[in-house]
Amino acid sequence: MAILERSEWYDVARDTNWTPSYVKEEELFPDQMTGGLGVSRDKWKSYDEPYKTSYPEYVKIQREKDSAAYSVKAALDRSQMIETADPGWASILKSHYGAIALGEYAAMSAEARMARFGMAPGMRNMATFGMMDENRHAQLQLYFPHEHCSKDRQFDWAQKAYHTNEWAAIAARHAFDDLFLSRDATSIAVMLTFAFETGFTNMQFLGLAADAAEAGDYTFSSLISSIQTDESRHAQIGGPALQVLIENGKKEEAERLVYMGIARAWRIFGVLTGPAMDYYTPLSHRKQSFKEFMQEWIVGQFERSLIELGLDLPWYWDQMIAEFDYQHHAYHLGVWFWRPTVWWNPAAGVTPDDRDWLEEKYPGWNDTFGKCWDVIIDNILAGRHEKTLPETLPIVCNMSQLPICAIPGNGWNVRDYPAEYQGRTYHFNSEIDRWVFQQDPVRYRDHMSIVDRMLAGLIQPPDLGGALKYMNIAPGECGEDAHKYAWAEAYRANPYAKKAA
Ligand code: MN
Ligand code: MN
């Protein structure tokens, strides 16, 4: 019996747009769940997914990918890569797994919503595969760190982080609940797959895969490359959805969703990928600076896809690009200073050689961020470690849930961007964060940042000890300097290195 080519049957087989007879169409596809913005299902027929696959093809390929990733892991299990790697590398793995593993689980739920309530059959079809992709990603990224738990409790945070009120976990949940979990199918297609995945997961996954291979961690490199091949497929759900919206007079609504999605994704990756690339990855293994990566993947690629679709660049585009020069340096400084409150050991990444690299990639770094590190270095060398540790919490943005911070030293530009709503004052890191809030204040108004919770008396006693208890960070899990301050010794030998850098 001859077997037809996929292209000969695909369009018929994937068209599940039958006419319901037991319920009304609007009961089967309620606006609230589809987010179709009043564009009829008939109009959504023009949705054309760029990536076409069938179930047998999908299963065959995924099976091969899984067995490849698990085989690499099995083959290298005894290599003790983690034990012998630079401690900064282990910190990247821990921060990645904790922030991402259960985020994949949330993404699975989001794909499921598109699989059920997507307006077009092709969208539902792709999302069904996307749902299985995300399940695979959650499983892989829970399984791979698990073997390290017996030696290092911080790896347990791959599973634990999202179940706690640790501040970075609150920030990740706030963004992912907003973009993935509490949206209709069309908004998810735009905000998760187009805004978040097309640009930003590329960066975390491709950028880190390159750094991982450089650092000799082939297990992690093959794991996240394997994941990225799925992402690059199901991220294509959003593009054709945007086309349908634009063709049917919904350009403005579509842009709003894209802009909110990019704004939120940028903050998450700024705190997660920025320090990993520019500070935690040992200098000799760095491929590109975070800023270079952002320029290539976000400015270059995103701009092109926005323009190809006929969308305008976000109003905040130039401002966001300006932030590439400083925002992640500020987040890094904060994460390192508040290191007891994270589940990994931040690597300072500011040896004299590191600083030469930072000054080259970010001219002016020594006059701004370098000045803060100089104070920290003086305190470490004088044995005043307590002065390099926090006693309370920083001011946190009511949108990103990350510290409000920017450029210190010469060029100081730190300020609060407040907004009043129904008698409550909210604080924001930038006009961009405030703008997101203003798009839908009812959606965001009741959330309490970790600082709001402290002020409301929910964290007792209201000091670092009380905060660690509230965040469920047990002894042995608290972050500490990844290199136990060994990096600062270079300055004892040469006290002028920091000024001369
Ligand atoms: Mn994924
Ligand atoms: Mn995905």
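The values are calculated or read from the model by the stated rules, or taken from the named source; none is laboratory data. Values in this document were obtained by computation on a predicted structure and should not be read as measured data. All Cβ positions, even for glycine, are placed from backbone atoms using ideal geometry, and neighbour counts span all protein chains on display. The area values use the complete protein model at the heavy-atom level, side chains included, leaving out ligands, DNA and RNA. Shrake-Rupley method; radii C 1.70, N 1.55, O 1.52, S 1.80 Å.
Inside the range 454-488, residues that are in contact (Cβ under 8 Å) with a residue 60 or more places away in the chain and either over 24 Å from L402 (Cβ atoms) or of a type in the set (D, E, K, R) (or both) make up a count of 9.
Criterion applied to F144, F155, F220 was being surrounded by 23 or more Cβ atoms within 10 Å (Cβ to Cβ), aromatic (F, W, Y), more than 12 Å from ligand 2 (Cβ to nearest atom) and within 29 Å of I61 (Cβ to Cβ), and the one residue passing it is F220. Of everything in the range 114-133 that is within 15 Å of ligand 1 (Cβ to nearest atom) and in contact (Cβ under 8 Å) with a residue 40 or more places away in the chain, the residue that is surrounded by the most Cβ atoms within 10 Å (Cβ to Cβ) is M114.
On the basis of being open to solvent by 10 Å² or more (accessible area, probe 1.4 Å), among the aliphatic types (A, V, I, L, M) and either within 20 Å of M131 (Cβ to Cβ) or more than 12 Å from ligand 2 (Cβ to nearest atom) (or both), does L181 make the cut? I'd like the intermediate steps shown before the answer.
On the way: open to solvent by 10 Å² or more (accessible area, probe 1.4 Å): yes; among the aliphatic types (A, V, I, L, M): yes; either within 20 Å of M131 (Cβ to Cβ) or more than 12 Å from ligand 2 (Cβ to nearest atom) (or both): yes.
It is true that L181 is open to solvent by 10 Å² or more (accessible area, probe 1.4 Å), among the aliphatic types (A, V, I, L, M) and either within 20 Å of M131 (Cβ to Cβ) or more than 12 Å from ligand 2 (Cβ to nearest atom) (or both).
Can you tell me which residue within the range 158-171, out of those that are open to solvent by 10 Å² or more (accessible area, probe 1.4 Å) and assigned to a helix (DSSP H, G or I), is nearest to ligand 1 (Cβ to nearest atom)? Walk me through it before giving the result.
If we filter the range 158-171 for residues that are open to solvent by 10 Å² or more (accessible area, probe 1.4 Å), which is where we start, we get 159-160, 162-163, 165, 167-168.
In the following step, the residues that additionally are assigned to a helix (DSSP H, G or I) were identified as 159-160, 162-163, 167-168.
On the way: Q159: 17, K160: 20, Y162: 15, H163: 19, W167: 23, A168: 19 Å.
Among residues in the range 158-171 that are open to solvent by 10 Å² or more (accessible area, probe 1.4 Å) and assigned to a helix (DSSP H, G or I), the one nearest to ligand 1 (Cβ to nearest atom) is Y162.
If the condition is being in contact with a His (Cβ under 8 Å, 6 or more places away or on another chain) and at pLDDT 95 or above, then the range 369-398 contributes F369, N379, V396, C397, N398.
Scanning the range 72-113 for residues that are without any contact (Cβ under 8 Å) to a residue 60 or more places away in the chain and outside any helix (DSSP H, G or I) turns up just one, Q80.
Residue by residue, here is whether (1) at pLDDT 95 or above; (2) of a type outside the set (A, V, I, L, M, F, W, C); (3) within 31 Å of the chain's Cα centre (by Cα); (4) open to solvent by less than 70 Å² (accessible area, probe 1.4 Å) holds:
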position: L458; (1), (2), (3), (4): yes, no, yes, no
position: L464; (1), (2), (3), (4): no, no, yes, yes
position: Y470; (1), (2), (3), (4): yes, yes, yes, yes
position: A474; (1), (2), (3), (4): no, no, yes, yes
position: A497; (1), (2), (3), (4): no, no, no, yes
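For R183, the criteria (1) more than 14 Å from ligand 1 (Cβ to nearest atom); (2) assigned to a helix (DSSP H, G or I); (3) under 30 Å from Q32 (Cα atoms) hold in every case but one, which is (2). Would you check if D416 is of a type in the set (D, E) and either outside any loop (DSSP other than H, G, I, E, B) or closer than 25 Å to H96 by Cβ (or both)? Answer is no for this residue. Right, I268: of a type in the set (A, V, I, L, M) and without any contact (Cβ under 8 Å) to a residue 40 or more places away in the chain or not? Here the answer is no, as I268 does not meet what is asked.
Pairs linking a residue in the range 196-218 that is of a type in the set (G, A, S) to a residue that is open to solvent by less than 10 Å² (accessible area, probe 1.4 Å) and not in a helix (DSSP H, G or I), with Cβ atoms under 7 Å and 6 or more positions apart or on different chains, are A215/T281. In the set Q80, Q32, only one residue is under 30 Å from T341 (Cα atoms), surrounded by fewer than 15 Cβ atoms within 10 Å (Cβ to Cβ) and not small (G, A, S); that residue is Q80. Candidates K45, K52: the one that is open to solvent by 40 Å² or more (accessible area, probe 1.4 Å), at pLDDT below 95, within 25 Å of N248 (Cα to Cα) and not in a helix (DSSP H, G or I) is K52. Scan the range 223-233 for residues that are within 12 Å of ligand 2 (Cβ to nearest atom) and either free of Cβ contacts under 8 Å to residues at least 60 places away in the same chain or not hydrophobic (A, V, I, L, M, F, W, C) (or both) and the total you get is 6.
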